[in-house]
Amino acid sequence: MKSMNYTFKENALFQSKLIDIAYKNLLPMLFVNVAAAFGAAWTVASGGHVWAWAWLCLMCALSAIRLFDWVRYRSSTKSRSPTGPSKLAYWQQNYGVGLCASAILWAVLACGVIDREASYSGSVARYTLVIIISALAGGATGVTAAMKSQGRLYITILLLPASLALAIFSSVDVIIAALGLIFLVVMLVTHSNNHNVLRQSLDLEHDNISLIADLKDLNGTLESKILDRTRALKEIAHNDVLTNLPNRRGLMEWAKALMKDHSNLSVAVMFLDLDRFKQINDALGHDIGDRVLVNVSGQINKQLPPGAILARWGGDEFVVAMPLAAAEPNIVQYLCDRIIGAVNHPFVLNGETIRLGVSIGLAFYPDDDKSFTDVIHAADLAVTEVKRTERGRALSYSETYAEVQRRRYDLSRSLAQAIGTDELTLVYQPVISATTGRVVAHEALARWNHPSLGAISPEEFIKLAEDTDKIVALGEWALYQACKDATGWGKGGAQIKIAVNASIKQLVHSQFDLKVIQILNQTGLSPARLEIEVTESLFDDEYLEPVLRCVKNLRELGVEVHIDDFGTGYSSLSRLHRFPVTAIKVDRHFINDIDADGRVIVESAVMIARRFGFEVIAEGVETIEQARILYELGVDKFQGYYFGRPQAEASHHSFDTLWVSETAIAQAM
Ligand code: C2E
Ligand code: CA
Ligand code: CA
């Protein structure tokens, strides 16, 4: 047992707990004492010592005083006034005096019955008395365990004088005297042991309480920090730095203010997605790409009538919102045509002729939805449809709605049939140790090649599978396939782990832990090589208990459990210490933003991870500069395009640890 270092305040608390325990035991002790006193007085009086009745009166009076003391103590603790050191000493003293006075009375009784002549009734009285006193001393090893010296003194006064007197004055009772002395030693040792056990359990309790308080503190500050930063990341300002247009937040603020002032307002929302921008960006570089965006947004802005707003939604996506006075749908179509015309117009930048195009999705507030955000989403869906079918035109949500629904329906049906066929495959993306540059795991990612529609993005079909609960079957297939593939990685890959994504629905609905055991048995993969990635939805109140049980069972099996997309789900940290997870994977958006706010998230993640004893993985690492910063922040593992894109064949080759700086190497040597 480690010894605790208490502060003065903690020490007082400790003492007051001991006194409290002692007083809690006082009432039963008094009962036993009075009952024993009656029995003893009767026996002793029967042996011819009538004065024993007077002794009984004294003992009853003393017990009454001690009872009164107990009542006073209880009422003083009920008032919950702070217990200062002087108060503690006071109660300790009261308790001790009562205890010793009682022991002295017993000793007097015992010595009083000592008799040189061994009459039969005298012997019976002495035997009975020694039994009673020994029983009291035995009981005291427990009930007075909280008070070290007082308890020991009590036991000693009870047994020692009587035993000595018997040994010295009564020639016939030496055996009882010897027994009394042996009892005394045993009782003292037992009392001391009980006292130590009690102290240790209080120490443990104190340790637990302070640990929990520490965790609460840590969680509190980190959680609010992460919440703040996540929010800040999303809402950093109302303006986009590059184009100086309002960003998403700015657009929402604009809509909010507009709707506050005009209740019966209609708003047309145009979701603009540039065509061919990605090729220009890839071919001519990010600097030119940025200038193209500035130029194009300026051109679009010039087309807008007064009252309309242009916002940058992100990347090469823009949103135009225009309040509509009366029935003016024609003006919307006219505006779309003007925008398309302006963007299509080629322009020269750095000697290069730039030819862009734009696809537009249209939706109307409040006709298409009562929420402005959902209207933007509807316009976004419409533009996806434009890009999928015929780019460079404008299409309204109502026209595409039926089509979108049909696509969802068709995809959902074909997905059910695709599971288990070669339409669905897995690709593998390496996870690298930040310290050695070696591949330590591969993450399995699902791909769907639809026979007629071609490759469907995981974003689309995983979401669809989630919405329609097909994710359980899909996830089981992926788990089985990944485990099976991993067993065939040969010599170079025999130690490499396999990370498989699991939806929270799998953990809740199916008996996931049993499924994992079954698949491990079928494929022969060692549990230690399997990592299950679950998002922060794991911590949702809704399914806390079954999920916690499942995670614990997986950990007992030896399977690792990682938190995926860390930082995107809100307010999960207070749950983290309840879950025996082995790693957290910081979401790629924060890595992308590592130069700014993402850094705080990574820092916090590392801090939490060190506290709870798990690892931090950074996903979406695209450059060596990011790797360097992440390494310096203490991230344990990397994953991202810099190290390898997801590929059909898992590749195990190591990387030179170029992100480790010279100074770090020098320090390590
Ligand atoms: P995830 O688990 O967060 O997987 C990482 C995603 O980030 C993958 O997208 C990966 O291709 C992408 N990525 C990796 N490195 C980089 C990088 O350096 N930069 C950028 N920009 N992206 C990078 P992917 O394959 O499209 O998967 C999307 C999501 O679909 C996954 O996100 C995962 O949540 C889900 N998913 C995929 N397969 C499964 C599966 O078998 N079961 C379940 N439940 N979900 C799956
Ligand atoms: Ca993942
Ligand atoms: Ca992720």
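All of Val431, Val404, Val375 fail the test of being away from ligand 3 (no atom under 16 Å from the Cβ), surrounded by 21 or more Cβ atoms within 10 Å (Cβ to Cβ) and not small (Gly, Ala, Ser), apart from Val375. Identification of helices (runs of 4 or more DSSP H) wholly contained in segment 589-669 with 2 or more residues that are within 14 Å of Ile432 (Cα to Cα) and of a type outside the set (Val, Ile, Thr) yields 624-633. If the condition is being under 24 Å from Gln303 (Cα atoms), assigned to a loop (DSSP other than H, G, I, E, B) and in contact (Cβ under 8 Å) with a residue 40 or more places away in the chain, then segment 340-365 contributes His345, Arg355, Leu356.
The residues in segment 267-326 that are within 41 Å of the chain's Cα centre (by Cα), in a helix (DSSP H, G or I) and either modelled with pLDDT of 90 or more or under 16 Å from His345 (Cα atoms) (or both) can be counted, and the count is 1.
Which residues, taken from segment 490-502, are crowded, with 18+ Cβ neighbours inside 10 Å and either of a type in the set (Lys, Arg) or modelled with pLDDT under 95 (or both)? Within segment 490-502, Gly493, Lys497 meet the criteria. Scanning segment 520-557 for residues that are more than 15 Å from ligand 1 (Cβ to nearest atom), farther than 14 Å from Pro580 by Cβ and surrounded by 17 or more Cβ atoms within 10 Å (Cβ to Cβ) returns Leu520, Thr523, Leu525, Arg529, Tyr543. Residues in segment 378-396 that are more than 26 Å from His345 (Cβ to Cβ) and modelled with pLDDT under 90: Leu381 only. You will find that of Ala478, Ala502, the residue that is touching a residue at least 12 places away in the same chain (Cβ under 8 Å), within 16 Å of ligand 2 (Cβ to nearest atom) and in contact with a Gly (Cβ under 6 Å, 6 or more places away or on another chain) is Ala502 and no other. Scan segment 476-502 for residues that are in contact with a Lys or Arg (Cβ under 8 Å, 6 or more places away or on another chain) and within 16 Å of Phe512 (Cβ to Cβ) and the total you get is 2. Would it be correct to say that Asp261 is modelled with pLDDT under 85, within 30 Å of Met322 (Cα to Cα) and among the acidic types (Asp, Glu)? Considered against the rule, which asks whether it is modelled with pLDDT under 85, within 30 Å of Met322 (Cα to Cα) and among the acidic types (Asp, Glu), Asp261 comes out as yes.
Close contacts from segment 117-130, counting a first residue that is outside the structural domain of Asn33 (by TED's automatic domain parsing) and a second that is surrounded by fewer than 14 Cβ atoms within 10 Å (Cβ to Cβ) and at pLDDT below 70, with Cβ to Cβ under 7 Å and a gap of 6+ residues or different chains, come to none at all. Does at least one position in segment 649-657 carry a residue that is on the phi < 0 side of the Ramachandran plot, away from ligand 3 (no atom under 16 Å from the Cβ) and surrounded by 20 or more Cβ atoms within 10 Å (Cβ to Cβ)? Within segment 649-657 (the criterion being on the phi < 0 side of the Ramachandran plot, away from ligand 3 (no atom under 16 Å from the Cβ) and surrounded by 20 or more Cβ atoms within 10 Å (Cβ to Cβ)), the answer is yes, since at least one residue qualifies. Scan segment 228-238 and give yes if some residue there is at pLDDT below 85, touching a Leu at 6+ places or on another chain (Cβ under 9 Å) and β-branched (Val, Ile, Thr), otherwise no. No, the conditions are met nowhere in segment 228-238. Would it be correct to say that Arg72 is over 19 Å from Ile133 (Cβ atoms) and charged (D, E, K, R)? Yes; evaluated as a whole, the condition is true for this residue. Name the single residue, out of those in segment 475-524 being within 31 Å of the chain's Cα centre (by Cα) and of a type in the set (Asp, Glu), that is farthest from Ala416 (Cα to Cα). Among those that are within 31 Å of the chain's Cα centre (by Cα) and of a type in the set (Asp, Glu), it is Asp513.
Inspect segment 550-563 for any residue being farther than 25 Å from Gln481 by Cβ, within 16 Å of ligand 2 (Cβ to nearest atom) and assigned by TED's automatic domain parsing to the domain that holds Ala627 and give the result as yes or no. Scanning segment 550-563 turns up no residue that is farther than 25 Å from Gln481 by Cβ, within 16 Å of ligand 2 (Cβ to nearest atom) and assigned by TED's automatic domain parsing to the domain that holds Ala627.
Residues checked against (1) away from ligand 3 (no atom under 16 Å from the Cβ); (2) touching a helix residue (DSSP H, G or I) at 6+ places or on another chain (Cβ under 6 Å); (3) in the same structural domain as Glu560 (by TED's automatic domain parsing):
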site	(1), (2), (3)
Ile496	yes, no, yes
Asn501	no, no, yes
Val508	yes, yes, yes
Phe512	yes, yes, yes
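Screening segment 439-463 for residues that are away from ligand 3 (no atom under 16 Å from the Cβ) and assigned to a helix (DSSP H, G or I) and picking the one that is surrounded by the fewest Cβ atoms within 10 Å (Cβ to Cβ) gives Glu460. Remark: Ile519 falls outside the filter, which requires a residue to be part of a loop (DSSP other than H, G, I, E, B), away from ligand 3 (no atom under 14 Å from the Cβ) and more than 24 Å from Lys463 (Cβ to Cβ). Gly634 passes every criterion in (1) surrounded by fewer than 17 Cβ atoms within 10 Å (Cβ to Cβ); (2) within 11 Å of ligand 1 (Cβ to nearest atom) apart from (2). Restricting Ile601, Ile608, Ile591 to those that are within 13 Å of ligand 1 (Cβ to nearest atom), buried (at least 16 other Cβ atoms within 10 Å of the Cβ) and closer than 24 Å to Asp228 by Cβ reduces the list to Ile591. With respect to the stated conditions, Ala473 fails to be away from ligand 2 (no atom under 16 Å from the Cβ) and either touching a Phe, Trp or Tyr at 6+ places or on another chain (Cβ under 9 Å) or of a type in the set (Val, Ile, Thr) (or both).
The values are calculated or read from the model by the stated rules, or taken from the named source; none is laboratory data. Quick caveat, the model's predicted, so the values are computed rather than measured. Note that each Cβ is placed from the backbone with ideal geometry, even for glycine, and that neighbours are counted across all protein chains shown.
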